Amino acid sequence: MLDIHCHISYGSDDGAQTPEEALGMIKIAARCGTKGIAVTPHSNVPGSYRNYFSEGVSDKLTILRRMIAENDLDIQLFSGQEIFMTEEAPSLLESGKLVTLNKTQYPLVEFDFYENQESVISKLERLIAAGYVPVVAHPERYAFVIEDEDAPKRLRDMGCILQVNKGSIEGRFGRMPFRAVFNILEHELADIVASDAHSPYMRTPDMRGAHEAICSEFSFDYADLLFSINPARVIQGKEIIRF
Ligand SMILES: [Fe+2]
């Protein structure tokens, strides 16, 4: 498995606060069968976490990689951000203040949970016009997706990739995201499952429960695509495979 959405950039956002907590999360991921993690701190959030790419950000990656080597863990780290979408995001990507997943054509993007569908679509269109392929983080958690069951297909038909959260599949964000994620999965509109992990104690990087749920509710092949094949293709900058 590969995890393309994980908050282990310690001290950057509401994820891991210390290197020790980040290492704790990495150990859980390694123990649970994850072979690689994209480090995706919340970035470009107005009035909140900015986390524009800098030497300090890449230093943290270097330190985390050193800790992995020292602890003899079999796991790779990739650069990334969870980009809060604003009108300025495309130009910030061009200038290098915002970065895609592992320097590919794939930015991981999020929105305000209550942003309306027209506004979301117009921002995604601008990003696509600038040459990017947006990976939409946890669509099942947005009000416009919960209220309109055709919205996921609309996003996908535009060319977006849909990344659903393991926690939604496990019912940890309540009944509405749970229903929305099953609608997305049932219609074979999900492309990737990621942990969106924030700590070693709760919202952890352990994705085994969600993997088992998809194997039993759907199929092993679908789980393999969502947890392994497509995340690896994104990290390699290859086109993803639609189920
Ligand atoms: Fe996140």
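Mind listing the long-range amide H neighbours of residue 76? Cut-off is under 5 Å, sequence gap 5 or more, other chains count too, H placed in the peptide plane at 1.01 Å from N.
Amide H neighbours of residue 76, under 5 Å, 5+ apart: 36, 37.
Please calculate how many Å² of accessible area the chain carries per residue, with a 1.4 Å probe and no DNA, RNA or ligand atoms counted.
Result: 43 Å² per residue.
Where Lys and Arg each count +1 and Asp and Glu each count -1, what net charge lies around residue 179 among other residues with Cβ under 11 Å from its Cβ?
Its environment carries a net charge of -2.
Okay, helix-only estimate at 222 nm for the chain: each DSSP H run of n ≥ 4 adds -39500 (n - 2.57), divide by all residues, round to 500 deg cm²/dmol; what do you get?
-11500 deg cm²/dmol
Please compute the modelled spin-label separation between residue 208 and residue 220, points set 7 Å along Cα→Cβ, answer in nm with one decimal.
A separation of 1.7 nm, rounded to one decimal place.
From the phi of every residue in segment 45-61, what ³J(HN,Hα) in whole Hz does the Karplus formula 6.51 cos²θ - 1.76 cosθ + 1.60 yield, where θ is phi - 60° and glycine or proline is x?
Taking θ as phi minus 60°, the curve returns 7, x, x, 9, 5, 8, 6, 5, 4, 8, 4, x, 5, 6, 4, 5, 4 Hz for segment 45-61.
Taking the Cβ of residue 31 as the center, what net charge do the other residues with Cβ under 11 Å away carry, scoring Lys and Arg +1 and Asp and Glu -1?
0
Return the carbon/sulfur percentage of the accessible area of segment 2-235, one whole number, probe 1.4 Å, all protein chains in place.
Summing carbon and sulfur atoms, their accessible area is 49 percent of the total for segment 2-235.
What share of the DSSP beta bridges in the chain is antiparallel, in percent to the nearest 5?
0 percent
Sequence-distant or interchain residues sharing an amide H contact under 5 Å with residue 12, placed H: which?
Those lying under 5 Å, H to H, from residue 12: there are none.
Against the empirical 2.2 N^0.38 Å scaling, what ratio does the C-alpha Rg of segment 2-235 come to?
Compared with the compact-globule rule of thumb, segment 2-235 sits at 0.94.
The values are calculated or read from the model by the stated rules, or taken from the named source; none is laboratory data. Keep in mind it's a predicted model, so treat the numbers as computed, not measured. Cβ atoms come from the backbone with ideal geometry, glycine included; neighbour counts cover every protein chain shown. Keep in mind that these areas ignore ligands, DNA and RNA; they rest on the heavy atoms of the full protein, side chains included. Shrake-Rupley method; radii C 1.70, N 1.55, O 1.52, S 1.80 Å.
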